[in-house]
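Shown next, in structure tokens, is the structure this report addresses.
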Amino acid sequence: MRPPGQFLLQVLLFVAIAAPAAAQSTPSSSAGQDPARPSWEMRASAAVYILPEEENYVQPTVTADHGNWHLESRYNYEDRDSISGFLGWNFAFGSNVVLEVTPMLGAVVATTDGVVPAVIADLTWKRLEFYVEGEYLIDGQDAADSFAYHWSEASVWITEQIRAGVVTQRTRVYETPRDIQRGLLVGVSLGRLEGVVYAFNPFDDDHFVVASLGFTF
């Protein structure tokens, strides 16, 4: 395991500690907020990767939103036993067709060290939803190891609680013969709780399953 760089550790600590104070002191963060909504909205989720030829692992993510400010931390996302932290800003456009975009800047430390510009985008229209997570890891140890990650979903809400669709992923957290994995998804949303099952490469020998559970509070 490579030791974290001092500079990257400082960046991560800034994202995790200094950003909430900045958000609380920014007048525009709370302007126009619905008084019934909490000042902070948080979400915790965990995705269990069930792999056929490698050890299974869990990928947890925690997010916190305050006004337009967005904080996020991930573990086992860019690499095994690595933690990343991000600071971002939420944008929203449209009414019938709604686009929400969150550009972020963060860092990852531990097994892999690096700076990570990233973006999250969610597009909804009636019962259709398109969701993308994208990032580019600039490796702090070796620029040749820099890597573009993505996770994308296209789904339709069959009912108010059930959706189904397709998913793609590009990662290097585990060994795979494919550069991009493709699969199917089925999700159930019950209030603040959402569970989704993803079946990647379902008709091939390198198939695997990801089961995700998230809670918003």
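Computed from the C-beta positions of ARG170 and VAL97 and an R0 of 22 Å, the FRET efficiency is 0.25 to the nearest 0.05. Rounded to the nearest 20 debye, the dipole magnitude of the range 117-180 is 380 debye, with +1 charges on Lys and Arg beta carbons, -1 on Asp and Glu beta carbons, and the Cα centre as origin. For the range 70-217, the dipole from Cβ point charges (+1 on Lys and Arg, -1 on Asp and Glu) about the Cα centre works out to 620 debye, to the nearest 20. Between VAL156 and SER39, the contour length at 0.36 nm per residue exceeds the alpha carbon distance by 39.1 nm. Estimated at 0.36 nm per residue, the fully extended path between ASP179 and ASN90 surpasses their Cα-Cα distance by 29.0 nm. Residues TRP69, TRP40, arranged from fewest to most other Cβ atoms within 10 angstrom of their Cβ, appear as TRP40, TRP69. Note on VAL62 and ALA144: their simple-model spin labels are 3.7 nm apart, each label 7 Å out from Cα toward Cβ.
Per-residue packing, averaged as other Cβ atoms within 10 Å, sorts the ranges 78-87, 129-138 into the order 78-87, 129-138, beginning with the highest.
Is the range 64-217 best put as rounded, prolate or oblate by its Cα gyration tensor, with a ≥ b ≥ c the root eigenvalues, rounded for a/c under 1.5, and otherwise prolate when a/b is larger than b/c, oblate when not? Oblate shape, in that a/c is at least 1.5 and b/c is the bigger or equal ratio.
No value in this document is a laboratory result; all are computed from the given coordinates. These numbers were taken from a predicted model, which means no experiment stands behind them. Cβ atoms come from the backbone with ideal geometry, glycine included; neighbour counts cover every protein chain shown.
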